[in-house]
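Asker: Mind looking over this structure? Questions follow.
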Amino acid sequence: LVAGAGLFAVIRLQNAGWAPGVWPPVPRVLRLVGTGAAFALPTLALDLALPFPEGINAPLPEALAFYPAIGFVAETVFHLLPFALLSLVVPTRPAVAIAACALVEPAFQVVAGGGLDLRNAIMAAILFAFGLLQMQMLHRHGFAAAFTLRIGYYLIWHIVWGVARLPLLYPS
């Protein structure tokens with residue numbers, strides 16, 4: 001269902017001229033992964049200062065399949081579909097749509113995280129900044145670029161830090 005909706009959204013955005021449909025070249029992929037990974041660092045610092053719950057990360061080896069799959073779903077639901085829908089509502093204002101779409105994931109995370117406490121507010125700000133970058137990449141370079149940024153972020157936050165954080169923050 002998400003993949004089908006995502007395909008519709010990609011076609012809609014290409015037809016509207018709001019996003020290209022090409023995969024980025026390998027050097028750009030490496031830069032995107034690195035940039036996404038760098039955006040994970042403030043999240044790690046936040047986790048050290050105001051720890052997230054112990055069980056928020058999927059364990060290895062399941063994490064290696066889970067996070068790319070959930071990343072595809074998240075990128076489609078939080079950015080691609082809203083961007084395609086807003087291309088119909090404000091067809092001459094992609095900047096407005098970019099800003100609005102960048103707010104979707106932080107708002108979801110605040111609600112899913114139980115409300116607007118200090119940790120969730122900081123996380124929302126991090127996700128909004130990251131979402132703005134992802135939306136710019138989606139608009140300029142297509143879905144693959146935005147998804148690749150997310151994979152870089154997930155690689156550090158959910159996989160590398162997901163393994164390292166438990167003994168550091170929750171020693172047995």
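Asker: Please determine, by comparing only the residues of segment 140-150 that are in a helix (DSSP H, G or I) and either out of contact with any helix residue (DSSP H, G or I) (no Cβ under 6 Å at 6 or more places or on another chain) or charged (D, E, K, R) (or both), which one is farthest from ASN57 (Cα to Cα).
Answerer: Step by step, filter segment 140-150, then rank; the result is ARG140.
Asker: Taking segment 121-144 as the search range and keeping residues that are without any contact (Cβ under 8 Å) to a residue 40 or more places away in the chain and surrounded by fewer than 21 Cβ atoms within 10 Å (Cβ to Cβ), which one is farthest from GLY71 (Cα to Cα)?
Answerer: ALA121
Asker: Hey, another quick one. I'd like to check something: does segment 158-170 contain any residue that is outside any helix (DSSP H, G or I), modelled with pLDDT under 95, of a type in the set (Ser, Thr, Tyr) and more than 21 Å from TYR67 (Cβ to Cβ)?
Answerer: no
Asker: Moving to a separate point now. Among the residues of segment 105-120, write down those that are among the acidic types (Asp, Glu) and either buried (at least 17 other Cβ atoms within 10 Å of the Cβ) or part of a helix (DSSP H, G or I) (or both).
Answerer: Across segment 105-120, the qualifying residue is only GLU105.
Asker: On the basis of being surrounded by 14 or more Cβ atoms within 10 Å (Cβ to Cβ) and basic (Lys, Arg), does ARG93 make the cut?
Answerer: Considered against the rule, which asks whether it is surrounded by 14 or more Cβ atoms within 10 Å (Cβ to Cβ) and basic (Lys, Arg), ARG93 comes out as no.
Asker: So, one more: Tell me the residue from VAL22, VAL77, VAL29 that is surrounded by fewer than 18 Cβ atoms within 10 Å (Cβ to Cβ) and modelled with pLDDT of 95 or more, please.
Answerer: One residue alone meets the criteria, VAL77.
Asker: Also, I was wondering about something else. If you go through segment 74-89 one residue at a time, do you hit one that is closer than 14 Å to LEU138 by Cα, within 14 Å of the chain's Cα centre (by Cα) and small (Gly, Ala, Ser)?
Answerer: yes
The values are calculated or read from the model by the stated rules, or taken from the named source; none is laboratory data. Worth saying up front: this structure is predicted, and the values here are computed from it rather than measured. Methodologically, a virtual Cβ is constructed for each residue, glycine included, from the backbone with ideal geometry; neighbour enumeration extends over all protein chains shown.
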